[in-house]
Amino acid sequence: MLLQLDRFGLRCEAGGFYIDPSKAVDRALITHAHADHARSGCRQYLCASSGAGLLRQRLGRNAPIESLDYRRSRTINGVLVSFHPAGHVLGSSQIRIEYRGEVWVVSGDYKLEADPTCAGFEVVPCHTFVSECTFGLPVYRWPNSETVSRQINEWWRQNRREGRHSFLYGYSLGKAQRLLAGLDPDIGPIYVHPAVSDLMPYYRDEGIRLPEVTRVSKDLLRLERHGAMLVLPPAASGSKYVRDVGPISSAFASGWNLIRGAKRRGQMGRGFVVSDHADWPGLTKAIHGTGAERVFLTHGNTRPLARWLGEKGIEAQSLDVLSRPSSV
Ligand SMILES: [Zn+2]
């Protein structure tokens with residue numbers, strides 16, 4: 001097998017590198033800058049150029065990061081490596097590796113919906129596709145993203161008419177910027193939590209157009225009398241920004257809202273269905289598109305999708321099988 005799983009993560013023995021290793025290794029190829037894919041301590045990192053700023057922000061100013069433009073290739077110990085848009089967040093990549101005529105693609109996290117804050121998912125033909133499977137059940141079908149943006153803006157307008165601030169919760173890397181891109185700045189002032197504000201320059205550097213925002217402070221929000229918008233990460237739901245700033249209405253943007261009720265959202269209030277991962281139709285379309293004859297699935301419950309693909313004649317298993325000695 002061109003890739004195997006060991007205690008450090010997904011390893012390419014021929015190339016002498018890991019993809020999104022879970023621990024520090026000599027050479028790491030990184031699909032994107034989310035914490036569960038980009039760990040610190042590696043001696044060398046390689047990522048897509050458009051994601052290098054965010055990766056540096058995650059790993060520190062002096063992290064040894066090299067980058068490659070999308071679709072440009074580099075040979076590492078005889079293995080041809082290239083990065084291709086995954087449509088998940090800014091700079092997110094699928095990683096294509098080719099060795100002795102065999103092509104594998106590791107998807108990282110991905111989605112097929114259009115997102116103005118990152119390059120769109122690109123189908124990369126391969127023999128073996130390693131696909132994420134976070135929402136690998138037929139029940140997951142995302143609503144149209146423009147419709148959801150309209151709903152969010154209408155919710156904000158209504159809150160403003162009633163003199164309440166709108167607190168919109170979404171993860172600070174990717175989700176928050178996608179939410180911002182869908183907001184109508186004519187409705188009112190938009191504030192962002194510092195965790196979101198800190199990432200905005202990397203989006204500007206990559207030419208991503210986002211509305212004008214102000215880094216929030218409690219005093220600033222108190223001065224707003226007619227209902228401002230504040231975009232903030234879920235972890236800030238108990239923070240000072242949420243308390244004593246006058247009447248507020250809250251909402252949480254997540255794919256899980258499709259099945260999770262208000263009780264799970266707690267003080268994050270209303271739920272809008274916005275996900276940066278592929279839904280069931282997206283997963284099946286992407287996998288078919290690659291033409292792969294073999295698929296390894298990771299994240300979430302992989303069995304239903306593996307069974308469904310098996311019925312279509314595509315050999316599909318959980319990525320975990322690559323850690324068994326028999327697969328080496
Ligand atoms: Zn991610």
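Does the range 271-278 contain at least one residue that is free of Cβ contacts under 8 Å to residues at least 60 places away in the same chain, out of contact with any Cys (no Cβ under 8 Å at 6 or more places or on another chain) and among the β-branched types (Val, Ile, Thr)? Looking for residues that are free of Cβ contacts under 8 Å to residues at least 60 places away in the same chain, out of contact with any Cys (no Cβ under 8 Å at 6 or more places or on another chain) and among the β-branched types (Val, Ile, Thr), one finds none in the range 271-278, hence no.
Of these, GLY313, GLY289, which one is of a type outside the set (A, V, I, L, M, F, W, C), assigned to a loop (DSSP other than H, G, I, E, B) and surrounded by fewer than 21 Cβ atoms within 10 Å (Cβ to Cβ)?
Residue meeting the stated conditions: GLY313.
Every condition in (1) under 14 Å from the mean Cα position of the chain (by Cα); (2) within 25 Å of ASP279 (Cα to Cα); (3) within 15 Å of the ligand (Cβ to nearest atom) holds for LEU55 except the one numbered (2). Within the range 237-248, being buried (at least 19 other Cβ atoms within 10 Å of the Cβ) and at pLDDT 80 or above holds for VAL245, ILE248.
Considering each residue of the range 15-44, count those that are more than 16 Å from the ligand (Cβ to nearest atom) and either within 21 Å of PRO85 (Cβ to Cβ) or not assigned by TED's automatic domain parsing to the domain that holds LEU59 (or both), and give that number. Lay out the reasoning, then the answer.
In the first step, residues of the range 15-44 are kept if they are more than 16 Å from the ligand (Cβ to nearest atom); the result is 15-18, 23-27, 40-44.
Checking which are either within 21 Å of PRO85 (Cβ to Cβ) or not assigned by TED's automatic domain parsing to the domain that holds LEU59 (or both) leaves us with 17.
Within the range 15-44, residues that are more than 16 Å from the ligand (Cβ to nearest atom) and either within 21 Å of PRO85 (Cβ to Cβ) or not assigned by TED's automatic domain parsing to the domain that holds LEU59 (or both) number 1.
Taking each residue of the range 183-207 that is farther than 20 Å from GLY51 by Cα and looking for partners that are basic (Lys, Arg) and crowded, with 17+ Cβ neighbours inside 10 Å with beta-carbon atoms closer than 6 Å, six or more apart or interchain, yields GLY188/ARG160. Being in contact (Cβ under 8 Å) with a residue 12 or more places away in the chain and over 30 Å from LEU180 (Cβ atoms) is a description that does not apply to GLY51.
Of all the listed residues (ARG72, ARG58), the sole one being of a type outside the set (Ser, Thr, Tyr) and either within 16 Å of VAL123 (Cα to Cα) or free of Cβ contacts under 8 Å to residues at least 12 places away in the same chain (or both) is ARG72. In this entry, ALA251 is excluded by the filter for residues that are more than 18 Å from PHE135 (Cα to Cα), surrounded by fewer than 18 Cβ atoms within 10 Å (Cβ to Cβ) and either within 21 Å of the chain's Cα centre (by Cα) or among the polar types (S, T, N, Q) (or both).
The values are calculated or read from the model by the stated rules, or taken from the named source; none is laboratory data. Quick caveat: nothing in here was measured; it's all calculated off a predicted structure. For neighbour counting, all protein chains shown are included, and Cβ atoms are generated from backbone atoms with ideal geometry for every residue, glycine included.
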